[in-house]
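Here's the structure, in structure tokens; my notes come after.
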């Protein structure tokens, strides 16, 4: 059944796509909402529970820009980039205070800059006003961890560059020949590791001097949520 449906899409798309009135290039400026991400605080621990324990981050909002080129009547190529930044407070740090270990609240988060190359295929039930696309591609992801507490700062000593794939479904509503509104649903799972170091071993926190149990630490960040994009698109 799936093979027959795919064959019908291939056969009928050339006839239906001829009615589209789209220029060669388009520029999309988007607001993106990503549902969730995770920071694994002890990714190299020998203890399975500690290794799989993570700090959740939710409701991530960020800007994005997208350039697309119409290769032929049925196919578009796209290049996009975003800037994701998200943090929240959690009891994620163990320190020494008055000779005992205590957990304190710190602001943990990440910065992620994806660069994604995509190919989109026109779906055959598209019209001149509603354009439906299905696509996917590859991505390069550059990221770093952010942590703020007291008067201490961290710097990322090492980071792994992440590569991944994504799948997307999008709909354009043509308001004018040169302007449309786009809604897109994107599935991806970028993950990268970071080694960071504190700039000091003694930290002043809420008026108290605390001693860090370690100067450097490793984390793994996984942005595994679904992304929803709403864009204003200009056809050039």
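The values are calculated or read from the model by the stated rules, or taken from the named source; none is laboratory data. Worth saying up front: this structure is predicted, and the values here are computed from it rather than measured. In this analysis, Cβ positions are derived from the backbone assuming ideal geometry, glycine residues included, and neighbour counts consider all displayed protein chains.
Looking at 69, 121, which one is over 17 Å from the mean Cα position of the chain (by Cα), buried (at least 17 other Cβ atoms within 10 Å of the Cβ) and either in a loop (DSSP other than H, G, I, E, B) or in contact (Cβ under 8 Å) with a residue 24 or more places away in the chain (or both)?
So the residue among 69, 121 that is over 17 Å from the mean Cα position of the chain (by Cα), buried (at least 17 other Cβ atoms within 10 Å of the Cβ) and either in a loop (DSSP other than H, G, I, E, B) or in contact (Cβ under 8 Å) with a residue 24 or more places away in the chain (or both) is 121.
The single condition among (1) on the phi < 0 side of the Ramachandran plot; (2) touching a residue at least 12 places away in the same chain (Cβ under 8 Å); (3) surrounded by fewer than 19 Cβ atoms within 10 Å (Cβ to Cβ) that residue 206 does not meet is (1). Between 116, 107, the distinction of being surrounded by fewer than 18 Cβ atoms within 10 Å (Cβ to Cβ), at negative phi and in a strand (DSSP E or B) belongs to 107 only. Among the residues of the range 148-195, those identified as buried (at least 21 other Cβ atoms within 10 Å of the Cβ) and either touching a helix residue (DSSP H, G or I) at 6+ places or on another chain (Cβ under 9 Å) or farther than 16 Å from residue 65 by Cα (or both) are 149, 188, 190, 192, 194.
Taking strands (runs of 3 or more DSSP E) that do not extend beyond the range 125-236, which have at least 1 residues that are farther than 26 Å from residue 79 by Cβ, touching a strand residue (DSSP E or B) at 6+ places or on another chain (Cβ under 7 Å) and at pLDDT below 95? Full working, then the answer.
Working: elements: 130-148, 154-159, 162-176, 179-188, 191-198, 202-205, 208-212, 216-222, 227-235.
Result: 130-148, 154-159, 191-198, 202-205, 208-212, 216-222.
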